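All remarks here apply to the structure that follows.
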Amino acid sequence: MRDKKEIEAGGAAIDVLLKHPDVKRVTANINPDLTSRRTSVSSKCKVFTNPYTRLVSDKNYIFDIHPESERQLPDIIKNQVQKVVFEDAPDFEKTDFEKGYKKKRNIGIVFSGGPAPGGHNVIAGLFDAAISTNPENKIFGFLKGPDGIIENEYIEITKELVSQYKNTGGFSMIRTGRTKIDTKEKMDLSKRNCKKLELDALVVVGGDDSNTNAAFLAQEMCKDNIQVIGVPKTIDGDIQVRDLKGNSLCAMSFGFHTAARAFAGSVSNLCTDSGSDIKYWHICKVMGRVASHLALEVALQTHANVTLVGEELADFVDEKRIQKAEEKGDVDYTAYGMTLRNLSRMICEGIVERAKAGKNYGVIVIPEGVLEFINEIQTFIIKFNTIIADYNAKHDTGFHADFSMLEDKLRYLRKLAQESKREGRISVWNTRDDELFNDIPSFFQEGLLMERDSHGNFQFSQVETDKVLMRMVKEYLGILKEEGEYKLGIEKNWYEKTMEKGNLDPDEYGPVLFDNHENGEYLLVRPSIISLITLKQALIDKGLIKKDDLIPDTVKTIYRKSDPTFKTQTHFFGYDGRGSEPTHFDCTYTYNLGLTVFSLIANGATGQMAAIKNLEFEFDKWEPVGIPIAPLMHLEERKGKMSLVLERSVVDLNSNAFCVFKALRKKWLAANSADDNYRKPGPIQLTGNSIDDRPLTLVLNAVDIL
Ligand code: FBP
């Protein structure tokens, strides 16, 4: 054994230690798991086993085309769904088609928006297809997102790079960014740089905003013969495409499965911890800027006790408030949606029910974007988007630069409200808005007023939604305690044993202490007993002790046990899942997306989004397609004005996945003496039993019971 001091002092011994093969092996960046990931070969859809593919337009898919889309995207609006098929003509290789297919191409690719596991495999698939078709083809990766196109920053993708990053998570190979190419100047620079690189095609791997960008780039670069192809990326799962008849063309964006599985893994571990230590409620906020697809999938994967689904909350109508208002003859039907107060009460119901069954612990899943579906908050978000956009349109410096402190922002809002009152005009911000907003805790006010992202989206991930909600939950639980409603059920056996140990008769005290002494498995202290004082009074009233006696210690112990403390641990799952190593599903999906991209390019498509149809079924049913982007667009409020954007897909409350969740959530709440129903999704791996896993949401939605 070497002298420890010698090692710590950085003497000669440390060099010897660092050179030891075991030390080298365990401190290397590369481990066996990474090596096997990098070398794992993805299966190809059958059509890609052929050297060439063709595109066949399918007129059966129809979309509800927005007139604004027709006006702004005239050259790509008539695009149709294209199926990738293989050519089997015997003299095929001698045709012009082959020459066109094999011609030397330069293709640029860019990642745009948040990372999503599987992106590297899109590049790998595109690279492999391009090089195997013509070894002279070149793929260029624009660096750090759309800024790379605007600033002409790129690298050439090589075989070595592809092997280094294949099947690994993140977008580290070329990085990503959120810049939007939304001005003439940025568009001109992009076009100039694509031409400088002699690009035949540009591939935009991104979410709804980035595919919107892809459509505008396709329109703009049509005349220059530069094709633009989009790829549906986002862990949020909100790029899902169906035609007007409900036919699914893209059941899920890539990255969703991995992120959901990563979140579910952590949430499931917390379920285990919570059920072991039985003292915490774990509050798990999971990413998903708007839609609650990730939260729903995590619920299906883990059976957490309570999961909120934003889309369901948006559907909520407060009938009681409507009735009260009707009685007063004062009904404003737009003002009876879900409020933060309603929501906190709904959460409390679950907590109180479980407590009655002796369970003062559990796991709650909250979607990051839940506020978007809360009527009162959404109104604030929309109003602020408009106020900030109006201000920025008139000032060189911008709203956030001019009003850096919350106080400054509030003062500006107050000024707007007072102006509108003084001038007696309808304004986006009036004194009532100001009053309501001033009731909100300041950290939350700050969150609602913070800077929007480059696409004008409200940055939900930066707001401590969970903190806001939990503060309200705690407050309401306090009220319920005062009302004697929030009590921890006492196990009958434990009660009897404890009383006998304290030489007291459980049957004598039981009816005085508990509501359900006769038949309860978990005994509930009477609602009128809410303190030691009220406890003593109850014992005196029933003659169990005298006025001057003390409450027996055993009875005090039992009472204290029935008085729950609501202890929480909050967690945010988002960036971790975005950076996770992709699942087998996402690896295969994205590699085939890359192959599809090349087929679309080699066959002259532009303004299309590469997709794989039938993802919800087994791999041999997967069908690569090109989906026209322009017909999927509609008008939405962005940065305070209506803009043409790709429509996001939110959770369908009639889908099988949601209906199953709704039917089983009482079981998963497990507010009874039985065990919890937690499910363990297992680790993310490329091999093993789970390799055929796909999102449970997709599996359920594909079940046909008719
Ligand atoms: P994309 O839509 O670009 O895929 O990003 C989605 C997302 O991961 C959301 O879930 C989250 O709200 C947001 O990115 C976080 O953004 P940022 O990386 O800017 O913090």
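The values are calculated or read from the model by the stated rules, or taken from the named source; none is laboratory data. None of the values given here were measured: they were computed from a predicted structure. All Cβ positions, even for glycine, are placed from backbone atoms using ideal geometry, and neighbour counts span all protein chains on display. Side chains included, ligands, DNA and RNA excluded: accessible areas come from the protein's heavy atoms. Shrake-Rupley method; radii C 1.70, N 1.55, O 1.52, S 1.80 Å.
When you scan the range 336-362, how many residues do you find that are within 24 Å of D315 (Cβ to Cβ) and not in a loop (DSSP other than H, G, I, E, B)? Write out each step before concluding.
First, pick out the residues of the range 336-362 that are within 24 Å of D315 (Cβ to Cβ): 336-353.
Next cut, not in a loop (DSSP other than H, G, I, E, B) only: 340-353.
Number satisfying all stated conditions: 14.
Condition check ((1) farther than 30 Å from F256 by Cα; (2) without any contact (Cβ under 8 Å) to a residue 60 or more places away in the chain; (3) within 16 Å of the ligand (Cβ to nearest atom); (4) of a type in the set (S, T, N, Q)) across all residues:
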{"residue": "Y101", "(1), (2), (3), (4)": "yes, no, no, no"}
{"residue": "L126", "(1), (2), (3), (4)": "no, no, no, no"}
{"residue": "S132", "(1), (2), (3), (4)": "no, no, no, yes"}
{"residue": "S163", "(1), (2), (3), (4)": "no, no, no, yes"}
{"residue": "N167", "(1), (2), (3), (4)": "no, no, no, yes"}
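Select from the range 126-150 the residues that are within 31 Å of the chain's Cα centre (by Cα), at negative phi and part of a loop (DSSP other than H, G, I, E, B) and list them in ascending order.
L143, the sole residue that qualifies.
Could you check, for the range 612-619, whether at least one of its residues is in the same structural domain as E68 (by TED's automatic domain parsing), without any contact (Cβ under 8 Å) to a residue 40 or more places away in the chain and part of a helix (DSSP H, G or I)?
Checked against the condition, which is being in the same structural domain as E68 (by TED's automatic domain parsing), without any contact (Cβ under 8 Å) to a residue 40 or more places away in the chain and part of a helix (DSSP H, G or I), the range 612-619 yields no hits at all.
With G543, G484, G478, G574 as the choices, which residue is among the small types (G, A, S) and either open to solvent by 70 Å² or more (accessible area, probe 1.4 Å) or within 20 Å of N672 (Cα to Cα) (or both)? Write out each step before concluding.
Numbers: G543 fails: either open to solvent by 70 Å² or more (accessible area, probe 1.4 Å) or within 20 Å of N672 (Cα to Cα) (or both); G478 fails: either open to solvent by 70 Å² or more (accessible area, probe 1.4 Å) or within 20 Å of N672 (Cα to Cα) (or both); G574 fails: either open to solvent by 70 Å² or more (accessible area, probe 1.4 Å) or within 20 Å of N672 (Cα to Cα) (or both).
Going through G543, G484, G478, G574 in turn, the sole match is G484.
Quick check, is A264 hydrophobic (A, V, I, L, M, F, W, C) and away from the ligand (no atom under 13 Å from the Cβ)? Steps first, answer last, please.
On the way: hydrophobic (A, V, I, L, M, F, W, C): yes; away from the ligand (no atom under 13 Å from the Cβ): yes.
The answer is yes for A264.
Answer yes or no as to whether D453 is touching a residue at least 24 places away in the same chain (Cβ under 8 Å), farther than 30 Å from K641 by Cβ, within 16 Å of the ligand (Cβ to nearest atom) and not small (G, A, S). Outline the logic, then answer.
On the way: touching a residue at least 24 places away in the same chain (Cβ under 8 Å): yes; farther than 30 Å from K641 by Cβ: no; within 16 Å of the ligand (Cβ to nearest atom): yes; not small (G, A, S): yes.
Spelling it out, it is not the case that D453 is touching a residue at least 24 places away in the same chain (Cβ under 8 Å), farther than 30 Å from K641 by Cβ, within 16 Å of the ligand (Cβ to nearest atom) and not small (G, A, S).
For T176, are the conditions met, namely being open to solvent by 20 Å² or more (accessible area, probe 1.4 Å) and within 11 Å of the ligand (Cβ to nearest atom)?
Numbers: open to solvent by 20 Å² or more (accessible area, probe 1.4 Å): yes; within 11 Å of the ligand (Cβ to nearest atom): yes.
Spelling it out, T176 is indeed open to solvent by 20 Å² or more (accessible area, probe 1.4 Å) and within 11 Å of the ligand (Cβ to nearest atom).
Can you tell me which residues in the range 337-380 are farther than 30 Å from E491 by Cα and β-branched (V, I, T)?
The answer is T339, I366, V370, I374, I377, T379.
When you go through D408, D466 one by one, which is the residue that is in a helix (DSSP H, G or I), in contact with a strand residue (DSSP E or B) (Cβ under 8 Å, 6 or more places away or on another chain) and of a type in the set (D, E, K, R)? Walk me through how you get there before you give the answer.
Details: D408 fails: in contact with a strand residue (DSSP E or B) (Cβ under 8 Å, 6 or more places away or on another chain).
Exactly one residue qualifies, and that residue is D466.
Any residue in the range 232-252 that is more than 10 Å from the ligand (Cβ to nearest atom) sitting within a Cβ distance under 7 Å of a residue that is acidic (D, E)? List the pairs, counting only those 6 or more apart or interchain.
As it stands, the answer is L244/D64; L249/D243; A251/E616, since those pairs meet every condition given.
Here are S36, S69: which of them is within 21 Å of F619 (Cβ to Cβ), in contact (Cβ under 8 Å) with a residue 40 or more places away in the chain, among the polar types (S, T, N, Q) and away from the ligand (no atom under 16 Å from the Cβ)?
Working: S69 fails: within 21 Å of F619 (Cβ to Cβ).
From the options S36, S69, the qualifying one is S36.
Can you tell me which residues in the range 675-698 are over 30 Å from I278 (Cβ atoms), modelled with pLDDT of 95 or more and part of a helix (DSSP H, G or I)?
T697, L698
Among the residues of the range 528-540, is any touching a helix residue (DSSP H, G or I) at 6+ places or on another chain (Cβ under 6 Å), open to solvent by 40 Å² or more (accessible area, probe 1.4 Å) and without any contact (Cβ under 8 Å) to a residue 40 or more places away in the chain?
Among the residues of the range 528-540, not one is touching a helix residue (DSSP H, G or I) at 6+ places or on another chain (Cβ under 6 Å), open to solvent by 40 Å² or more (accessible area, probe 1.4 Å) and without any contact (Cβ under 8 Å) to a residue 40 or more places away in the chain, which makes the answer no.
If only one of V463, V473 is more than 16 Å from the ligand (Cβ to nearest atom), surrounded by 20 or more Cβ atoms within 10 Å (Cβ to Cβ), assigned by TED's automatic domain parsing to the domain that holds G358 and among the β-branched types (V, I, T), which one is it? Steps first, please.
Numbers: V463 fails: more than 16 Å from the ligand (Cβ to nearest atom).
Checking each option against the conditions leaves just V473.
Could you say whether any residue in the range 255-272 is touching a residue at least 12 places away in the same chain (Cβ under 8 Å) and under 28 Å from I62 (Cβ atoms)? Outline the logic, then answer.
First pass over the range 255-272, keeping only residues touching a residue at least 12 places away in the same chain (Cβ under 8 Å): 255-268, 270-272.
This time we only want the ones that are under 28 Å from I62 (Cβ atoms), so: 256.
Yes, because at least one residue in the range 255-272 is touching a residue at least 12 places away in the same chain (Cβ under 8 Å) and under 28 Å from I62 (Cβ atoms).
Please indicate, with yes or no, whether at least one residue in the range 198-206 is under 11 Å from T606 (Cα atoms), in a loop (DSSP other than H, G, I, E, B), away from the ligand (no atom under 11 Å from the Cβ) and out of contact with any Ser or Thr (no Cβ under 8 Å at 6 or more places or on another chain).
Going through the range 198-206, the residues under 11 Å from T606 (Cα atoms) turn out to be 200-203.
Next, from what is left, pick out any that are in a loop (DSSP other than H, G, I, E, B): 200.
Still in the running and away from the ligand (no atom under 11 Å from the Cβ): 200.
From what is left, the residues that are out of contact with any Ser or Thr (no Cβ under 8 Å at 6 or more places or on another chain) are 200.
Looking for residues that are under 11 Å from T606 (Cα atoms), in a loop (DSSP other than H, G, I, E, B), away from the ligand (no atom under 11 Å from the Cβ) and out of contact with any Ser or Thr (no Cβ under 8 Å at 6 or more places or on another chain), one finds at least one in the range 198-206, hence yes.
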